[in-house]
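Written out below as structure tokens is the structure these notes cover.
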Amino acid sequence: MTELDELYRVSQAVLSVTRQMSVRDVLQVIVRSARSLVGARYAALGVPDEGDSFAEFVVDGISGAEWQAIGPLPRRHGMLAALLDEGKPERLADIRQDPRFEGWPSAHPQMSHFLGVPVRDGDQVLGIIFAANKVSAAAAGHGFTERDLSVLSLFAAHAAIALTNARLYERSRELSVMQERSRLARDLHDAVTQKLFSIRAHARVAAVLAAREPVDAARIRAEIEVVGDLGAEAHAELRAVIDGLAPPDLEAAGLAESLRRYAVLAGRAHGIPVTFSAARLPALSRDAETALYRVAQEALHNAMRHAGASGVRVALAKAQSKAGRRVVLEVSDDGHGFATGTPTGGLGLASMRERAAAAGGTLTVRSGQEGTVVRMTVPVQAGGGR
């Protein structure tokens with residue numbers, strides 16, 4: 001194999017890793033790629049915790065039954081501790097002959113050739129990758145080569161970047177969930193709590209009027225009617241908030257119909273007319289449909305709660321560009337707008353942009369005295385339309 005071939009294999013392995021989003025998936029692809037790159041029978045990756053054990057320990061080349069027989073996760077001892085503490089690569093012809101070889105469970109597969117490299121982020125050791133038992137017929141008798149060590153070290157450097165990015169992505173997702181919960185809490189407070197307070201106030205007025213002599217039946221009836229109207233509004237707004245907790249079954253009703261239902265419900269809850277239009281849409285991935293639905297929800301929420309709009313328009317359309325077919329969502333209102341260059345975290349713009357990016361799309365916001373337009377586009381996946 002030429003040097004160019006090896007670099008190509010490393011490049012392909014790095015691309016496989018960077019396509020993953022969750023930390024666990026990144027770890028699993030790193031281990032699988034490491035084992036393939038150096039031609040090993042076994043490979044593993046350990047991420048240490050703050051104590052003397054491992055927060056994550058992922059293996060490849062061992063069956064599920066073998067992994068169960070080995071027992072609990074290893075502690076930081078022997079060669080594993082040396083790799084973590086010293087932070088330098090190790091290549092051994094037979095790990096069993098090394099004085100640091102200790103504490104291996106009886107059910108652990110027999111290992112001889114050994115290759116271990118740290119996964120580093122600057123001076124910090126994020127974890128260790130090790131491979132064991134060279135399987136190449138030509139090299140099995142001699143074990144891993146210096147070339148194998150160089151290839152695995154190069155791969156580990158790129159794996160560190162992918163692992164760091166995956167952790168940042170998961171943290172940003174957690175932040176998005178917290179922001180979503182805060183938004184829903186604001187919705188409940190703004191929409192429902194105030195209505196309930198008003199209901200209690202009018203009910204007390206009705207009770208006071210009923211205790212007076214002579215009884216003013218007309219005023220009591222009027223107060224009770226107000227209580228009924230406020231109760232209906234609170235119910236509608238609570239329904240809108242609850243519907244925002246989770247997207248509907250988009251696959252069953254379709255994106256356009258699900259969004260139309262939500263737009264109508266939100267408009268009724270807030271007393272603001274909403275017009276909805278949708279073209280016949282081509283096929284989209286589930287992630288893209290969910291992202292479009294969520295962004296539309298957030299944009300509708302902003303228009304009805306913060307823009308002072310007298311009307312909102314929601315439109316789903318398809319478009320063709322040099323980049324290929326796309327679906328376009330637009331939520332526009334005739335409210336007072338806001339300055340797009342100022343911090344607007346309360347309007348959920350960061351969350352909307354993150355949702356669009358995660359679905360492979362883009363989000364633009366145009367706002368001024370004549371209103372606001374939120375526009376999201378996502379690519380169409382291969383396949384037919386609905």
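Condition first: among the acidic types (Asp, Glu), touching a residue at least 24 places away in the same chain (Cβ under 8 Å) and farther than 22 Å from Gly368 by Cβ. Can you find one or more residues in the stretch 279-292 that meet it? It would help to see each step written out before you state the result.
Just the residues of the stretch 279-292 that are among the acidic types (Asp, Glu), to begin with: 287, 289.
Narrowing further to those that are touching a residue at least 24 places away in the same chain (Cβ under 8 Å): 287, 289.
Remaining after also requiring farther than 22 Å from Gly368 by Cβ: 287, 289.
Yes.
Of all residues in the stretch 102-122 being in a loop (DSSP other than H, G, I, E, B) and touching an Asp or Glu at 6+ places or on another chain (Cβ under 9 Å), which is surrounded by the most Cβ atoms within 10 Å (Cβ to Cβ)?
Filtering the stretch 102-122 down to residues in a loop (DSSP other than H, G, I, E, B) leaves 102-113, 122.
From what's left, touching an Asp or Glu at 6+ places or on another chain (Cβ under 9 Å): 107-109, 111-113.
Numbers: Ala107: 12, His108: 15, Pro109: 15, Met111: 20, Ser112: 16, His113: 24.
Among those residues, the one meeting the criterion is His113.
Can you tell me which residue within the stretch 306-316, out of those that are small (Gly, Ala, Ser) and open to solvent by 40 Å² or more (accessible area, probe 1.4 Å), is modelled with the lowest pLDDT? Can you show your working first?
Restricting attention to the stretch 306-316, the residues satisfying the condition of being small (Gly, Ala, Ser) are 307-311, 315.
Retained after the next criterion (residues that are open to solvent by 40 Å² or more (accessible area, probe 1.4 Å)): 308, 310.
On the way: Gly308: 81, Ser310: 88.
Result: Gly308.
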Next on the checklist: Step by step: first the residues of the stretch 68-117, then only those that are among the aromatic types (Phe, Trp, Tyr) and at pLDDT 85 or above, then the one that is farthest from Ala156 (Cα to Cα). Which residue is that?
Outcome noted: Phe101
Next on the checklist: Given the criterion free of Cβ contacts under 8 Å to residues at least 60 places away in the same chain and touching a strand residue (DSSP E or B) at 6+ places or on another chain (Cβ under 6 Å), identify the matching residue among Gly122, Gly116.
Outcome noted: Gly116
Checklist entry - Can Ser136 be described as small (Gly, Ala, Ser), open to solvent by less than 60 Å² (accessible area, probe 1.4 Å) and more than 34 Å from the chain's Cα centre (by Cα)? => result yes
Checklist outcome for this item: Here the residues within the stretch 73-101 that are touching a His at 6+ places or on another chain (Cβ under 8 Å) and assigned to a strand (DSSP E or B) are Leu92
Checklist entry - Does Arg19 satisfy the criteria of being at pLDDT 90 or above and either of a type in the set (Phe, Trp, Tyr) or more than 18 Å from Ser153 (Cβ to Cβ) (or both)? => result no
Checklist outcome for this item: Residue pairs within 6 Å by beta carbon, gap of at least six or interchain, first lying in the stretch 362-376 and over 16 Å from Ala350 (Cα atoms) and at pLDDT below 90, second acidic (Asp, Glu) and part of a strand (DSSP E or B), listed first then second, are Gly371/Asp333
Item to check | Considering residues of the stretch 25-67 that are polar (S, T, N, Q) and assigned to a loop (DSSP other than H, G, I, E, B) only, the residue modelled with the lowest pLDDT | outcome: Ser53
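The values are calculated or read from the model by the stated rules, or taken from the named source; none is laboratory data. Note that the structure is predicted; figures quoted are calculated from it, not measured. Glycine also receives a Cβ, built like all others from the backbone with ideal geometry; neighbour counts cover every protein chain displayed. Side chains are part of the model used for accessible areas, which takes the heavy atoms of the whole protein and leaves out ligands, DNA and RNA. Shrake-Rupley method; radii C 1.70, N 1.55, O 1.52, S 1.80 Å.
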